[in-house]
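Please read the structure below before turning to the comments.
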Amino acid sequence: MKVLVIGQGGREHAIVWKLSQSPKVDKIYCAPGNGGIAELAQLVPISAMDFSGLAQFVKDEGIDLTVVGPEDPLTDGIVDFFEERQLQIFGPAKSAAIIEGSKAFTKELMKKYNIPTAEYASFDHYEEALAYVREKGAPIVVKADGLAAGKGVTVASTLEEAEKALQYIMVDQGFGEAGARVVIEECLAGQEMSILAFVDGETVKPMVPSQDHKPVFDGDKGPNTGGMGTYSPVPQIDDAIVEKAIAEILNPVARAMVQEGRPFRGILYAGLMVTDQGPKVIEFNARFGDPETQVVLPRLETDLLDIFLATVQGELENVEIKWKPEAALCVIMASGGYPGSYEKGKEIRGLKQLESDENIMVFHAGTKQEGDKVLTSGGRVLGVTALAPDLEEAQRKAYEAVEKIKFDGAHYRTDIGSRAIQSR
Ligand code: AMP
Ligand code: GLY
């Protein structure tokens, strides 16, 4: 089979890497891909948002399945576009991807179907939003309604911070159209956990849980990023809580989407806070997480192509999904300055020496190949994952690998996984 993966981050590198292990996959293409993906797939210089260019390429090459990584083409309807042309594609239709595309839609949905989440209100007018924030006081969470690459959320511990965020989103239009509306939420306390699931209508097959680290600096300091590192399993969170989250959140939301006439087919990602009252939803995404995918897929035993095909064909129910008992831990190496402005084009050294260890996976995010050099080309540059018998060992091995990789201004957190390990 020929498969096209759309996207260019570490998540897509992990998807391509896993698909490349399937005996049924003859050739992988990636549009547009990056410097690491180039080792496993033929890169196709077509943007993820150029639906007609992509569809034409798929027809010309006789590609059997297209897999969509990022959210923007999904919320813009790439799946509908392909299906109208009888092209097989893995991902939710536009009407279902709205679960990520509009926080206001999803908050309404959760209210209607009694799915536990933070109290909230949404506003189209700055003055009203400001009055609400002042009435509620800090701590409080301010979110741009639309997509903002994981950076549209401010968890404000003071009123001043909350007001600044509102000003940035609604008055300065720092996130453009995504900030025409804001969602203001109660601040939830507890530990975060991500549960991703393969979903085909009402059938939900959860993946192993993982924990992301959003803030840029050690000890969860500094601004939020797309994610600075992750690990799986999450031993400090009981299996019973994971079961509860599946029973009270993932299964009901899949059913709710069917009832709303928006059946979800693809990857549903639940970002959860484990509070004293049980797990509550922070957000849903309509795609694989980045960097969650870089620890979840290395633990997947089952052929990923089989799962994708079964989901697309509405037969997910018949697939048994198996996981490896090993732990995986991923450290993101970012460009200095990220998530603010940063420089690109720095040479990355030390990658070759890591290729011989099959339990170290260096997933490329913002890189590009130039001659025989690999250069930085984005904020998050690499996701260095280690797979090992337990988390301590995975953490040690991942950091050992990170220390061998060098580029100017490289920044990474040194405490990925420490909370899980200390809690033992
Ligand atoms: P989101 O983009 O909605 O996932 O939010 C990004 C991050 O902000 C989350 O991963 C949490 O760390 C934090 N966050 C979002 N909403 C809340 C909330 N209601 N209470 C506490 N933290 C939150
Ligand atoms: N790591 C968070 C996300 O993919 O949205």
Quick one: in segment 110-119, which of the residues that are open to solvent by 40 Å² or more (accessible area, probe 1.4 Å) and either outside any loop (DSSP other than H, G, I, E, B) or of a type in the set (Gly, Ala, Ser) (or both) is nearest to GLN173 (Cα to Cα)?
-> LYS111
Flagged in segment 363-386 as in contact with a helix residue (DSSP H, G or I) (Cβ under 6 Å, 6 or more places away or on another chain), of a type outside the set (Ser, Thr, Tyr) and surrounded by 23 or more Cβ atoms within 10 Å (Cβ to Cβ), in numbering order, are PHE363, HIS364, ALA365, GLY383, VAL384, ALA386
Does segment 126-136 contain at least one residue that is open to solvent by less than 50 Å² (accessible area, probe 1.4 Å) and within 13 Å of ligand 1 (Cβ to nearest atom)?
-> no
Answer yes or no as to whether LYS24 is away from ligand 1 (no atom under 16 Å from the Cβ), touching a strand residue (DSSP E or B) at 6+ places or on another chain (Cβ under 8 Å), open to solvent by 50 Å² or more (accessible area, probe 1.4 Å) and farther than 17 Å from THR293 by Cα.
-> no
Is segment 197-204 home to any residue that is of a type in the set (Phe, Trp, Tyr), assigned to a strand (DSSP E or B), touching a residue at least 40 places away in the same chain (Cβ under 8 Å) and open to solvent by less than 20 Å² (accessible area, probe 1.4 Å)?
-> yes
Residue satisfying all of: in segment 160-178; over 21 Å from the mean Cα position of the chain (by Cα) and buried (at least 18 other Cβ atoms within 10 Å of the Cβ); farthest from ligand 1 (Cβ to nearest atom) among these | MET170
Search segment 256-279 for residues being farther than 20 Å from GLY91 by Cβ and surrounded by fewer than 21 Cβ atoms within 10 Å (Cβ to Cβ), and hand back the single one that is farthest from ligand 2 (Cβ to nearest atom).
-> GLN259
Checklist (1) at pLDDT 95 or above; (2) under 22 Å from the mean Cα position of the chain (by Cα) applied to GLY340, failing item = (1)
Being assigned to a loop (DSSP other than H, G, I, E, B) and closer than 18 Å to LEU297 by Cα is the filter here, so list the residues in segment 374-415 that pass it.
-> PRO389, ASP390
Those residues that are small (Gly, Ala, Ser) and either within 16 Å of ligand 2 (Cβ to nearest atom) or surrounded by fewer than 16 Cβ atoms within 10 Å (Cβ to Cβ) (or both), I need them from segment 179-196; list them, please.
-> ALA180, ALA189, GLY190, SER194
What do you reckon, is GLN259 under 25 Å from MET361 (Cβ atoms) and away from ligand 1 (no atom under 15 Å from the Cβ)?
-> no
Helices (runs of 4 or more DSSP H) wholly inside segment 12-109 containing at least 1 residues that are aliphatic (A, V, I, L, M) and either at pLDDT below 95 or more than 20 Å from ARG262 (Cβ to Cβ) (or both) = 51-61
Considering segment 337-361 alone, what residues qualify as being exposed (fewer than 14 other Cβ atoms within 10 Å of the Cβ) and touching a Leu at 6+ places or on another chain (Cβ under 7 Å)?
-> GLY345, GLU347
From the option list VAL67, VAL16, VAL3, single residue qualifying as touching an Asp or Glu at 6+ places or on another chain (Cβ under 8 Å) and either more than 30 Å from VAL155 (Cβ to Cβ) or open to solvent by 30 Å² or more (accessible area, probe 1.4 Å) (or both) is VAL3
Sole residue being within 16 Å of ligand 1 (Cβ to nearest atom) and either under 20 Å from ILE282 (Cα atoms) or open to solvent by less than 60 Å² (accessible area, probe 1.4 Å) (or both), chosen from PRO209, PRO235 | PRO209
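The values are calculated or read from the model by the stated rules, or taken from the named source; none is laboratory data. Quick caveat: nothing in here was measured; it's all calculated off a predicted structure. Methodologically, a virtual Cβ is constructed for each residue, glycine included, from the backbone with ideal geometry; neighbour enumeration extends over all protein chains shown. Calculation scope for accessible area: heavy atoms of the full protein, side chains included, ligands and nucleic acids excluded. Shrake-Rupley method; radii C 1.70, N 1.55, O 1.52, S 1.80 Å.
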